[in-house]
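Engineer: Below is one structure. I have some questions about it.
The values are calculated or read from the model by the stated rules, or taken from the named source; none is laboratory data. Only a predicted model underlies this, so the values are computations on that prediction, with no experimental measurement involved. Neighbour counts are summed over all protein chains in view; Cβ atoms, including those assigned to glycine, are modelled from backbone coordinates with ideal geometry. With ligands, DNA and RNA removed, areas are computed over all heavy atoms of the protein, side chains included. Shrake-Rupley method; radii C 1.70, N 1.55, O 1.52, S 1.80 Å.
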Amino acid sequence: ATLSFTADAPRAGTHALWLRMMIPDGSSTRMTVTVNGAAREVRVTSMIGFSDWESEAQANTKLFAHYGEARRFPAWYRVPGLELPAGASTIAISAGAGARFDAALALPQTPTVDRAAMNLLMTWNFAPWLLPM
C-alpha cells in the first residue's frame, strides 16, 4: 500500500509522522517513508514503555500487552525525525505486504506534542469499534 500527501508546515523543524495502521500477523513490518524525494527505510515495532522512542529506523506503537487481539485492530505508529521546511512538503509512505493504513499526521516533534498525541491517539486503541475515526 502507498499513501502520498502534502504536509504544510508553518515553520521549518523536526516533525514526527503518526500513522494509523493495521498490521495483521504474517504481514510485512517494513515500510519506506519518503519526504520531498529523500527515502528512509523503517521497521514497524511495538513497545512497552518508551525503550527506543527516538530511533529513526523504527515506527513505534504503544503495545497494550494485556489485549491478545492487539493486531486485529488499527494502532497509531510514530516515525520520528522528519525534517520539514516551512511550507509544503510531499510525504509518501509505502508499506509492505498485508499492512494497511487509513490516516496520517505530521506533527511538530516536541516532548509536549508527542505526549499529547500519544495520549489522544492511543485512546482509540482501547475500543476502536466504539470510536471510529
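Engineer: Only one of (1) modelled with pLDDT of 90 or more; (2) in contact with an Asp or Glu (Cβ under 8 Å, 6 or more places away or on another chain) fails for M133. Which number is that?
Structural biologist: (1)
Engineer: Just to be sure I understand, how many residues within segment 1-45 are under 19 Å from A106 (Cβ atoms), part of a strand (DSSP E or B) and either touching a Phe, Trp or Tyr at 6+ places or on another chain (Cβ under 8 Å) or open to solvent by 70 Å² or more (accessible area, probe 1.4 Å) (or both)?
Structural biologist: Just the residues of segment 1-45 that are under 19 Å from A106 (Cβ atoms), to begin with: 1-21, 31-42, 44.
Still in the running and part of a strand (DSSP E or B): 2-9, 13-21, 31-35, 38-42, 44.
Applying the additional criterion that residues be either touching a Phe, Trp or Tyr at 6+ places or on another chain (Cβ under 8 Å) or open to solvent by 70 Å² or more (accessible area, probe 1.4 Å) (or both) yields 2-4, 6, 8, 18-21, 39, 41, 44.
Qualifying residue count, segment 1-45: 12.
Engineer: V113 fails exactly one of the following numbered conditions: (1) open to solvent by less than 50 Å² (accessible area, probe 1.4 Å); (2) at pLDDT below 90; (3) in a helix (DSSP H, G or I). What is the number of that condition?
Structural biologist: With (1) open to solvent by less than 50 Å² (accessible area, probe 1.4 Å); (2) at pLDDT below 90; (3) in a helix (DSSP H, G or I) applied to V113, the lone miss is (2).
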